Number of protein chains: 2
Amino acid sequence: MAGCRKVKGGVCSAKGFRAAGVAAEIKYKGRNDVALIVADEPCSAAAVFTTNKVAAAPVVYDRSVVKGGRVQAILANSGCANACTGEQGLEDARLSALVTAGELGLDPHHVLVASTGVIGRRLPVDRLLAGMKSATKALGRTGAHGLAAAKAIMTTDTRPKEACATVTIGGKKVTVGGMSKGSGMIEPNMATMLGFLTTDAAISPRMLKRALQLAVGRSFNRLVVDGDESTNDSLFVLASGKAGNRVIDAPGKDFDAFRAALETVCVSLARQMATDGEGATKFVTVTVKGAKTERDAERAARAVAKSPLAKTSWFGKDPNWGRVLAAVGYSGAEVVDMKSEVFYDGVWAFRFGKVADEKQLARLAKVMQKDAFSVVVDLHLGSAESTIYTCDLSLDYVHINADYTT
Amino acid sequence: MAGCRKVKGGVCSAKGFRAAGVAAEIKYKGRNDVALIVADEPCSAAAVFTTNKVAAAPVVYDRSVVKGGRVQAILANSGCANACTGEQGLEDARLSALVTAGELGLDPHHVLVASTGVIGRRLPVDRLLAGMKSATKALGRTGAHGLAAAKAIMTTDTRPKEACATVTIGGKKVTVGGMSKGSGMIEPNMATMLGFLTTDAAISPRMLKRALQLAVGRSFNRLVVDGDESTNDSLFVLASGKAGNRVIDAPGKDFDAFRAALETVCVSLARQMATDGEGATKFVTVTVKGAKTERDAERAARAVAKSPLAKTSWFGKDPNWGRVLAAVGYSGAEVVDMKSEVFYDGVWAFRFGKVADEKQLARLAKVMQKDAFSVVVDLHLGSAESTIYTCDLSLDYVHINADYTT
């Protein structure tokens with residue numbers, strides 16, 4: 001989209017938002033674990049949630065909040081997922097939202113809550129609310145404030161994730177900023193991620209929701225880490241309207257410009273999440289093209305991105321195209337091996353039955369040394385194409401997940 | 001089934017079969033890599049193959065052989081999968097079968113071939129056929145001969161896999177024996193496995209096929225290692241008729257007795273394959289019961305067995321029931337978390353919203369130390385039940401698969 005620029009920034013970049021991140025000992029000492037994002041006024045809002053049938057309490061609570069289409073604050077914590085906690089968990093989520101609204105003097109129906117961490121433990125509401133109170137005192141509009149909030153939602157993430165983009169709409173500069181956390185359990189329908197987006201665009205809740213769904217389809221829903229899907233995934237977007245553009249309430253040029261900025265931010269966050277997938281040493285873009293149908297392209301690319309054998313071969317720096325093609329073969333997609341080609345960063349490994357020789361393997365070996373590369377399978381059966389962002393499966397993935405709770 | 005007994009044995013246990021395993025340097029020096037199984041006369045035969053659309057050359061070749069319903073020999077190799085090798089690969093498979101038939105003086109349409117190993121390398125036909133020739137000289141009817149053959153098809157397996165059962169049919173003792181290899185890429189539809197079963201039962205090819213399909217549904221198709229599915233999976237059964245029972249050519253008591261013995265052998269081999277899954281430190285039986293439908297039970301159990309997060313928690317000896325329940329939640333099965341229970345070897349970890357306390361966690365910690373345990377999820381929504389055999393996801397799984405080809 002002409003005029004859409006990726007810039008440095010986060011949830012405080014758009015006009016009308018303050019943020020804070022504080023340490024409240026939800027699970028560990030001395031690390032940020034409570035984030036608060038507050039808009040100056042009630043915002044147009046939209047959200048996307050996990051499709052997991054075991055949905056965490058905050059997800060259940062938030063679904064009713066976003067129906068109203070207006071939100072002014074987000075309270076989030078890491079260290080405890082408040083999932084599989086039943087009526088008590090729901091009550092804890094509700095109470096956290098209400099006390100936050102009271103503390104900030106907001107409409108109690110305008111507060112969203114989000115949690116991430118271990119499943120099946122009761123939310124330590126007292127510590128969370130103490131954290132929320134100190135967060136209200138720490139609120140600010142600088143990049144440092146946004147970063148502190150981004151840090152507070154990290155679990156096994158090794159880096160905070162922020163992104164920002166600007167675009168001109170009707171002569172006005174519109175900013176979209178955001179933050180998110182990964183980093184395991186990431187698959188279709190955006191598993192364990194929390195993502196909070198803010199914008200100063202003026203846009204109706206209905207069009208905001210539409211823009212969000214389109215952006216998710218091209219970003220977070222194209223992300224596979226391990227194929228697990230979490231109970232807590234939540235992605236929110238709040239639009240303050242402070243940019244002063246004419247309210248976007250229908251499709252058209254303005255809507256497309258806004259969508260471009262929103263998508264830029266979402267894609268950047270999604271890529272950061274894949275790069276920082278649990279234990280990841282490689283960021284891999286898997287593309288299946290020349291597929292007979294969109295559905296074939298999609299499921300073939302997902303099968304490769306989820307295949308433990310393909311993922312471990314990337315970790316092992318091994319251009320093992322056989323595992324890639326085998327995954328395509330069991331994905332359900334139409335494939336004729338002798339018509340197919342497999343490329344790593346444009347270097348062919350297999351084409352129409354021809355296998356990489358020693359010279360070609362030397363070229364491939366160079367690609368496999370990289371921290372990021374693409375795997376492209378061209379099926380030569382049609383024109384459908386699909387891309388998935390993913391990472392390798394490393395020893396550290398196992399270390400991290402074998403040692404997580406106890 | 002009354003009278004069905006599991007006994008020690010393998011492919012040479014049933015009357016009418018000889019076997020051999022020899023070292024032919026297909027890929028490595030000094031290890032058995034060519035197996036030969038030869039029946040005294042043409043046998044009634046049936047087979048099940050991979051559903052992967054990228055099927056290896058031997059699979060394509062064998063499909064036409066088994067249509068005839070009669071087989072007298074199986075030639076198998078490890079070290080090279082002869083997959084993604086196009087017309088050349090098919091020609092290599094055909095040639096191997098024909099030369100074997102010539103060497104043994106058999107009908108060329110009565111020889112099956114099977115390969116396992118690296119994808120995309122041409123089969124070293126000269127070495128394979130040299131191995132076949134020495135194998136014909138080494139053929140014998142003892143357990144040691146069966147074991148040598150079982151060893152020759154191992155890839156990353158750490159142990160050869162054999163099983164045997166006997167049953168009385170119409171006053172005659174009938175024996176079913178078998179061997180198989182795993183050990184990664186094992187999922188629905190029996191991914192990278194080779195399995196060869198022999199029996200002295202007299203049974204028609206049609207009923208043999210039916211018995212095999214039923215047995216596979218309760219054994220190999222209930223096995224998940226990593227969720228990948230190979231290009232080479234093949235399971236054969238040869239029936240010599242030497243037991244002297246009246247030919248089983250219709251359903252009934254005799255058929256049921258035979259099925260029981262066949263299933264006993266298949267389940268034993270499947271369990272050995274899960275226990276010896278790549279890098280496995282735990283054999284885990286996942287059961288989902290109380291499901292609304294059979295399909296729900298099945299997909300929920302498979303989701304848990306495939307979940308990298310659940311599998312790494314088992315490796316970490318962590319009773320992380322939250323990951324188990326989350327996998328059920330995204331499986332597509334109906335689930336209400338507050339109505340569910342999760343047990344490890346009968347010890348509850350989560351029941352109806354109640355979470356294991358310190359005392360209960362101590363009990364669970366003991367279970368997690370075991371080399372084998374069950375994970376049971378009771379959904380309390382119906383009466384459907386499904387069980388999957390699987391293993392954990394360990395550091396060694398990653399080691400093995402990161403270092404396999406290059």
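Bear in mind that the values in this text are calculations on the coordinates, not laboratory data. Bear in mind the structure is a predicted one, so any value in this text is a computation, not a measurement. All Cβ positions, glycine included, derive from the backbone under ideal geometry; neighbour counts span all protein chains shown.
The C-alpha atoms of chain A define a longest principal axis, and helix A:358-369 lies at about 10 degrees to it.
Based on Cα contacts under 8 Å between residues 6+ apart, chain A shows a relative contact order of 18 percent. Under a Gaussian network description of chain A, with springs only between Cα atoms under 10 Å, the residue in A:S13, A:S230, A:S313 that fluctuates furthest is A:S313. The mean number of Cβ atoms from other chains found within 10 Å of a Cβ in peptide A:49-58 is 4, as a whole number.
Taking all C-alpha pairs of segment B:1-102, those more than 16 Å from each other amount to 67 percent. At an R0 of 25 angstrom, the distance between the Cβ atoms of A:S64 and A:D256 translates into a FRET efficiency of 0.20.
For B:A46, nonlocal amide neighbours, meaning residues 5 or more places apart or on other chains whose placed amide H falls under 5 Å from its own, are B:V237. Past 23 Å, Cα to Cα: identify those pairs from B:K311/B:K370; A:K29/B:K359; A:K29/B:K306; B:K27/B:K181, in the order given. Cα-Cα > 23 Å for A:K29/B:K359; A:K29/B:K306; rest within.
Quotient of the Cα radius of gyration of segment B:283-402 and 2.2 N^0.38 Å, N being its number of residues: 1.00. Give the separation of the Cα centroids, segment A:347-398 to segment B:55-74, in Å. So the two Cα centres are separated by 32 Å.
Stick to the Cα atoms of segment B:5-275, pair each with every other, and give me the Kirkwood hydrodynamic radius in Å at one decimal. It works out to 17.7 Å.
Think of each Lys and Arg Cβ as +1 and each Asp and Glu Cβ as -1; about the Cα centre, that makes the dipole of segment A:283-402 roughly 100 debye. Working from Cα pairs under 8 Å separated by at least six residues, relative contact order for segment B:332-406 is 30 percent. Between copies, the label points of B:G171, set 7 Å from Cα on the Cα→Cβ line, lie 10.6 nm apart, reported in increasing order to one decimal in nanometres.
Within segment A:287-310, list the residues whose amide N lies under 16 Å from a label point set 7 Å along Cα→Cβ of A:D345. What the label zone holds, given the 16 Å backbone N cut-off, is A:287.
Computed from backbone phi, the HN-Hα couplings of segment B:282-294 come to 9, 9, 10, 9, 9, 10, 10, 10, x, 7, 5, 9, 4 Hz, rounded to whole numbers (Karplus: 6.51 cos²θ - 1.76 cosθ + 1.60, θ = phi - 60°; Gly and Pro given as x). Sorted from nearest, the other copies put their B:R218 label points 5.3 nm away, the label point being 7 Å from Cα in the direction of Cβ. Remark: segment A:370-381, residue by residue, has Karplus-estimated 3J(HN,Hα) of 5, 7, 9, 7, 10, 10, 10, 10, 9, 7, 6, 10 Hz, where x stands for each Gly or Pro and the curve is 6.51 cos²θ - 1.76 cosθ + 1.60 at θ = phi - 60°. Mean residue ellipticity at 222 nm, helices only, the protein assembly as shown: -11000 deg cm²/dmol; runs of at least 4 DSSP H residues each add -39,500 (n - 2.57), and the sum is divided by the number of residues. The share of C-alpha pairs in segment B:270-313 whose separation exceeds 12 Å stands at 64 percent.
Among DSSP beta bridges whose residues both lie in the protein assembly as shown, state the antiparallel percentage, nearest 5. Display every interim value, and only then the final one.
Details: 112 of 154 bridges.
If I count the DSSP bridges inside the protein assembly as shown, around 75 percent turn out antiparallel.
Principal axis extents of the Cα atoms in the protein assembly as shown, from largest to smallest and rounded to whole angstrom, are 90, 59, 42. The alpha-carbon of B:K172 sits under 21 angstrom from the alpha-carbons of these lysines, leaving out residues fewer than 8 places away in its chain: B:K6, B:K8, B:K15, B:K242, B:K253. Think of each Lys and Arg Cβ as +1 and each Asp and Glu Cβ as -1; about the Cα centre, that makes the dipole of the protein assembly as shown roughly 20 debye.
Counting Cβ atoms of other protein chains within 10 Å of each Cβ in B:326-339 and taking the mean gives 6.
Couplings 3J(HN,Hα) of segment A:115-131, computed from phi: 9, 8, x, 6, 7, x, 10, 5, 5, x, 4, 4, 5, 4, 6, 5, x Hz, in residue order, whole Hz [Karplus 6.51 cos²θ - 1.76 cosθ + 1.60, θ = phi - 60°; x for Gly and Pro].
Taking amide H as placed 1.01 Å from N in the peptide plane, B:C391 has its amide H under 5 Å from the amide H of B:V284, each at least 5 places away in sequence or on another chain. Averaged over peptide A:118-127, the number of partner chain Cβ atoms lying within 10 Å of each residue's Cβ comes to 3. Counting from the shortest, the label point at B:R246, 7 Å from Cα toward Cβ, is 9.0 nm from the same position in each remaining copy. The angle between the Cα long axis of helix B:86-104 and the longest principal axis of the Cα atoms of chain B comes to about 60 degrees, rounded to the nearest 10. For segment A:357-404, a/c is not less than 1.5, where a ≥ b ≥ c are the root eigenvalues of the C-alpha gyration tensor, and a/b does not top b/c. That puts it in the oblate class.
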